[in-house]
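Some notes on the structure that comes next.
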Amino acid sequence: KNQVEQSPQSLIILEGKNCTLQCNYTVSPFSNLRWYKQDTGRGPVSLTIMTFSENTKSNGRYTATLDADTKQSSLHITASQLSDSASYICVVPGSGGYNKLIFGAGTRLAVHP
Amino acid sequence: NAGVTQTPKFRILKIGQSMTLQCAQDMNHNYMYWYRQDPGMGLKLIYYSVGAGITDKGEVPNGYNVSRSTTEDFPLRLELAAPSQTSVYFCASSYIRGQAQYEQYFGPGTRLTVT
């Protein structure tokens, strides 16, 4: 069964610290992996899309890595800010069609002052 | 551009009532989607549309209906609401032209409670 698993479920860090969120997927065949940020009470917003040929991709203080061999991805947040408090969702297109996305449950990040 | 808009933001329904969740996009996207998000779970696809007049079921379509009469609008209809339909509903859109890499843009969501 196609699945996307994320860890940890939740995380608390102090402002200015770094953190890394993990994503494991079992979807096959694999075409791309996305990370979304979802603020409380809002819809998800895309942070990055990585194809199977990309190992690393950055978007400001967000850096995503991908290991297509082990089917693992991580999202590293550098010098966290209070505005980084949100859920971070890992998403992979399912085998039913690349427009049918499979969403992980997300990691809820809280950045405290 | 307003992007993807949804109405209402909140709604409380009694069991057995019906309602329509509205979704509109002004980006001329061909694909539109409806998802539901339950606490602690990933978003689940309810229905999607590849263009005006064409819709198809997603992972969890039971209890819902959709229509796509125009490119801009994609309403979701709940008939005979049940407590299991208590959720947050997100509409999304994207422009797909053969490529696998594309953005999905999400609306702000509708929080629905059925009691």
Which one of B:I46, B:G63, A:S28 has its Cα pushed farthest toward the positive end of the charge dipole of the protein assembly as shown, where Lys and Arg give +1 and Asp and Glu give -1 at the Cβ? B:G63
Return the single residue from A:I12, A:I77, A:I102 with maximal mean-square fluctuation; model: Gaussian network over chain A, springs between Cα atoms under 10 Å. A:I12
Using alpha-carbon positions, what is the distance between the centroids of region B:1-27 and region A:1-21, in Å? 31
Per residue of region A:50-62, in order, report the coupling 6.51 cos²θ - 1.76 cosθ + 1.60 (Karplus, θ = phi - 60°) as ³J(HN,Hα) in whole Hz, putting x for Gly and Pro. 10, 8, 5, 8, 9, 8, 9, 8, 10, 9, x, 7, 9
What is the spread of the Cα atoms of region A:28-92 along each of their three principal axes, largest first, in whole Å? 35, 24, 15
I'd like the FRET efficiency for B:S18 and B:D56, computed as 1/(1 + (r/R0)^6) with the beta carbon distance as r and R0 of 22 Å, rounded to 0.05. 0.50
Top of B:K44, B:K57, B:K14 by mean-square fluctuation, Gaussian network on chain B, Cα under 10 Å: B:K14
In percent, how large is the relative contact order of chain A, given Cα pairs closer than 8 Å and 6 or more residues apart? 37
If each part is reduced to its alpha-carbon centroid, region A:35-101 and region B:41-115 end up apart, in Å, by 22
Scoring chain B by relative contact order with C-alpha pairs under 8 Å, at least six apart, yields a percentage of 35
Shielding score for B:39-48, defined as the mean number of other chain Cβ atoms within 10 Å: 5
Could you pull out which residues in region A:80-113 have an amide N less than 18 Å from a spot 7 Å beyond the Cα of A:I13, following the Cα-Cβ vector? A:80-90, A:106-113
With θ taken as phi - 60° and the coefficients 6.51, -1.76 and 1.60, list the Karplus ³J(HN,Hα) couplings across region B:3-8 in order, rounded to whole Hz; mark glycine and proline as x. x, 9, 10, 9, 9, x
Sorted by chain and then number, the residues having a modelled amide H within less than 5 Å of the amide H of A:E15, at least 5 places away or on another chain, are A:H112
Can you tell me the dipole magnitude for chain B around its Cα centre, using point charges on the Cβ only (Lys, Arg +1; Asp, Glu -1), in Debye to the nearest 20? 280
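Every number in this text was worked out from the coordinates using simple rules, so none of it is lab data. Being a predicted model, the structure only gives us computed values, none of them experimental. Glycine gets a Cβ as well: all are built from the backbone with ideal geometry, and neighbour counts include every protein chain shown.
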